[in-house]
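Have a look at the structure below, then the notes.
No lab work stands behind these numbers, since they all come straight from the coordinates. Because the structure is a prediction, the values reported are computed rather than measured. When we count neighbours, we look across all protein chains shown, and the Cβ atoms used for this are built from the backbone with ideal geometry, even at glycine.
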Amino acid sequence: MPTLGQGTTARGIISSQTDTINEKRDISEAIDFLSPFDTPFLDLVGRDSLKTPCVQITHEWLEDQLEGRSGTLGAAHVANDGQLTLAGTEYKLLLPGDLVQVGAVVYRVTGNAPGSNPVLVDVIRSSSGSGGSATDAAAANAAAWFKIGHAAPEGGAARTDAIKTGLGIPYNYTQILKDWIIVTGTMEAIDRYGYANERAYQEEKVLRKLAIDLEYQLLYGVRFLEAGPPRISTMGGLQEFVLFPGMLNSWDTVLNLSGARLIEDNINTIMQNIWDNGGSVDFIVVNGTNKRIITEWASPRIRTAQGERTAGSSIAVYESDFGLVDILLNRWLRASDIVFGDRSMIGIGPLTSRMFTSRLLPHTIDGTWYELLGEYTMEVHKAQLAWGWIYNTSTAF
């Protein structure tokens with residue numbers, strides 16, 4: 001007879017005491033059982049919501065957007081000089097035949113665009129009339145222009161010089177999140193009260209901690225890679241894609257309140273700027289302090305029907321000029337921060353086959369040792385168009 005641990009052979013199949021070492025058990029679905037108040041952002045977006053499957057340590061996705069159709073003048077316009085100087089390279093956004101309005105005057109582009117500045121134009125409509133009755137008007141430097149549309153001539157030739165937008169390739173890294181549990185021989189042997197399985201009980205506690213780690217990463221993670229060996233990579237969160245570039249590049253969707261108390265106009269300003277840029281907001285993430293402030297605004301508008309016995313108020317949905325917005329209360333968000341987002345513009349998910357799992361490790365102790373591990377990343381689409389951030393708000397109610 002073989003001694004304990006040597007293993008046996010029967011019908012060509014080798015079995016031993018350590019056959020189950022490194023066998024993984026998928027526990028990622030247990031995240032769904034965590035309280036949404038512990039991981040509300042993860043709960044909102046979903047633990048497997050990537051638009052593009054993650055198959056590499058560097059996860060990439062494609063982005064594109066329509067070409068711009070508005071801008072500002074790069075120099076003052078002199079009435080009747082037949083040209084408009086657009087700011088920067090905005091002339092590349094136009095073609096001969098485009099209709100452009102500046103103030104009350106509508107022009108038809110006749111030449112130079114999309115190759116060079118200034119753009120040659122004819123006046124076709126103004127407040128004085130159309131065609132030959134239209135009179136031009138001077139316009140100041142930095143005056144706004146916008147494209148109405150394109151009027152192609154009958155029988156016109158196809159153009160090959162129109163500007164096309166290039167595909168952007170944003171990226172993020174994957175991040176390994178892991179922890180360990182030990183179930184001692186004694187704990188395996190004794191009777192328990194309140195729960196039946198020591199391993200499952202310990203796994204639930206550790207998974208809760210890892211899920212909170214992931215929640216923090218989604219908000220405040222910094223994108224970083226050290227090739228190694230050993231390789232260390234961390235995934236960037238919304239702070240990496242929205243707050244930092246917004247602060248650096250003065251985005252109008254990122255606002256510093258410099259310690260001032262949040263007011264309702266701040267919320268609507270960010271939402272309008274996102275809308276003006278072509279995006280939309282369907283949720284706002286707040287901590288307890290700013291949640292109370294938002295509820296305070298709405299309290300005078302709340303009415304209690306006769307017969308109701310519950311007093312108080314709490315706002316879960318905010319009705320703005322730009323649509324209904326869910327208010328997501330998140331205990332892990334800094335009290336001085338408010339995040340604006342569109343849930344269709346974000347994705348979270350594992351590297352292929354690297355969802356949260358639990359596996360048995362080799363025995364080196366009196367008991368069993370398990371490792372819980374997952375490797376995840378996130379996508380943030382249209383960071384400047386669909387997202388916003390207010391920071392440095394007052395933390396006092």
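Data table
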| read-out | value |
| --- | --- |
| Environment charge of residue 279, counting only residues whose C-beta is closer than 11 Å and scoring Lys/Arg +1, Asp/Glu -1 | -2 |
| Built amide H within the under 5 Å cut-off of residue 237, gap 5+ | 221, 222, 223 |
| Whole-number percent relative contact order across region 70-150, with pairs defined as alpha carbons under 8 Å at least 6 apart | 38 percent |
| Full-stretch length increase - residue 269, residue 138 - with 0.36 nm per residue and alpha-carbon distance subtracted | 44.0 nm |
| Segment residue 169-residue 276, extension gain: residue separation times 0.36 nm, minus the distance between their alpha carbons | 36.2 nm |
| Of 51/92; 92/382; 205/382; 51/291; 147/291, those spanning more than 29 Å from alpha-carbon to alpha-carbon | 51/92; 205/382; 51/291; 147/291 |
| Per-q log10 I(q)/I(0), region 70-150, q = 0.12, 0.14 Å⁻¹ (Debye; single scatterer per alpha-carbon; no solvent) | -0.26, -0.36 |
| Distance-filtered residues of region 66-103 - backbone nitrogen under 20 Å, label point 7 angstrom along residue 128 Cα→Cβ | 77-84, 100-103 |
| Two-site label geometry, residue 188 and residue 49: point separation in nm, points 7 Å out along Cα→Cβ | 4.0 nm |
| Relative packing of peptides 104-115, 227-238 - highest average C-beta neighbours within 10 Å first | 104-115, 227-238 |
